[in-house]
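Nothing in this text is a laboratory measurement; each read-out follows from the coordinates by a stated rule. Note that the structure is a prediction, hence the values are computed from the model and not measured. Cβ atoms come from the backbone with ideal geometry, glycine included; neighbour counts cover every protein chain shown.
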Amino acid sequence: MAGIVVVGAGQAGASLAAKVRALGYDGPVTLIGEEPASPYQRPPLSKGYLLRDMDLERLYLRAPSFWKENEINLKLSAPVTSIDRSAKTLLAGDESIPYEKLALTMGSRPRRMPATAGGDLRGVYTLRTLADADAMAAEFRPGRKLLIIGGGYLGLEAAAVGVKLGLEITLIEMAPRILQRVAAPPTSDYFRRLHFSHGVNILENIGNDCLTGDGRVSGADLSNGVKIPADFVIVAIGVMPRTSIAEEAGLEIENGIRTDAQGRTSDPNIWSAGECASFPHKGRRVRLESVGNAIDHAELVARNMLGASENYEAKPWFWSDQYDVKLQIAGLNTGYDLIVQRKGDHERSLSIWYYGGGRLLAVDAINEPRAYMAGKRIIEAAQTVAPEHVADPSKDAKALLSHATGL
């Protein structure tokens, strides 16, 4: 009997499958994942799990018994290879599975170094899955040399873990500064200083020509002519939405699987949510890589698959933990033309407020939870607060809320 089938058993897929059951849907629900593990959290892989502060049981999104108890057919180690839209079936392994409604929640895949640049050498890793984290765990031994390629949040989080475990770390970033794609210079400056203070060697505006080694990586030739040794390498150069089966099935693709505001793809029987899906947001099309989006988007799509007609109003938020520093981000800073820095309660706290066309777009709050909450509330209420109020040290976060105005 056909029912609701969800392809992709990450945060979005697990949230969607659980939600349709919670809403009272009593037809068949099938959740298909290509990994052997029960649905789990990904963010701790580069933090607590890699640091060995979190065991596997704490990674699980739900107790493994939840799926059976809620009559959700969880199929693991079952990669989906094709979708037949006319027959409303999909192929998972050698099994043909019918669907009434289909949700695609495959997430993203990491960008990799090409084999011609040494990307296929042993000791070269990406960090996206539980298997990735387990594969590299034995490499984290005191005194070993780790090269991290990519100065985004994932690379910086891996560097922080490596420092705590006693490694010697070099991080290279091809752009002129770390975090250039996602943050303003003051945020980059803060985290550069933080990592320098912990002994991380950060090299910016420098690329990797190739990784070197005989079967196993032993070093890298950098674009400035310098050769550096490495016992192992983590490649953290971003992700790509997983869209291949959707594209092969003829669905529209635009920076991910293209959906309307309700999560419906170009096929009315197929929906998409999470990192693999793009959707309209404030006059443009976006795709968000965050836990918050995975949950909120998936749960909205679950409601719409059962007959609601709700548009997705994304409330972007993100976080990163590095050493004893917590970065919290509210909003999207795309298109900013002004930033305002605001000092926190102590020397290691700071917030950066992004404006575009006179409107507050986003806030980076570093060890500043009150600034984060104030900025988040203002942005989500479609309000703004004048830059001069943010810059005024006499006004606390509560006062900024009182100065917020409608747009």
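Note on the chain: helix-only mean residue ellipticity at 222 nm, from DSSP H runs of 4+ residues weighted -39500 (n - 2.57) and normalised by residue number, equals -6500 deg cm²/dmol. Principal axis extents of the C-alpha atoms in region 283-378 (largest first, rounded to whole Å): 51, 33, 19.
The mean of 1/r over all pairs of different alpha-carbon atoms in region 255-305, once inverted, gives a Kirkwood hydrodynamic radius of 10.6 Å. What the pair-distance distribution of region 324-406 shows, using all Cα-Cα distances binned every 10 Å from zero, is 21, 59, 19, 1 percent. Here the 3J(HN,Hα) profile of region 258-264, calculated from phi with Karplus coefficients 6.51, -1.76 and 1.60 at θ = phi - 60°, is 6, 10, 7, 5, 9, x, 8 Hz, Gly and Pro shown as x.
At q = 0.16 Å⁻¹, what is the log10 ratio I(q)/I(0) for region 76-119, with the Debye formula run over Cα points and no solvent? Results for region 76-119 at q = 0.16 Å⁻¹ read -0.58. Considering only the chain, what is the antiparallel percent among its DSSP beta bridges, to the nearest 5? Taking every DSSP beta bridge within the chain, about 60 percent pair in antiparallel fashion.
Placing a label point 7 Å from the Cα of E100 along the Cα-to-Cβ direction, the residues of region 294-321 with a backbone N closer than 16 Å are 302-308.
Classify region 208-280 as rounded, prolate or oblate from the Cα gyration tensor: take a ≥ b ≥ c as the square roots of its eigenvalues, call it rounded if a/c is under 1.5, otherwise prolate when a/b beats b/c and oblate if not. Taking the square roots of the gyration eigenvalues as a ≥ b ≥ c, region 208-280 is prolate. Extending 7 Å from the Cα toward the beta-carbon at both L23 and S244 defines two label points whose distance is 3.1 nm. What is the set of long-range amide H partners of E35 at a cut-off below 5 Å, with H atoms built 1.01 Å from backbone N? Hits under the 5 Å cutoff: S77, A78.
Using R₀ = 56 Å, calculate the FRET efficiency as 1/(1 + (r/R₀)^6) where r is the Cβ-Cβ separation of N70 and I206; round to 0.05.
Working: r = 51 Å, r/R0 = 0.90.
Rounded to the nearest 0.05, the efficiency is 0.65.
For the residue pairs K19/K326; K326/K376; K47/K398, the alpha carbons lie more than 20 Å apart in K19/K326; K47/K398. Fraction of C-alpha pairs exceeding 26 angstrom in region 112-237: 14 percent, rounded to a whole number. Take the Cα of D53, step 7 Å toward its Cβ, do the same at D120, and the gap between the two points is 3.9 nm.
Measuring between their Cα centroids, region 357-384 and region 123-173 lie 32 Å from each other. One decimal place: the segment E252-E289 gains 11.3 nm when fully extended, by the rule 0.36 nm per residue minus the C-alpha distance. Alpha-carbon geometry of the chain: the Rg and the Dmax are 22.3, 66 Å, given in that order.
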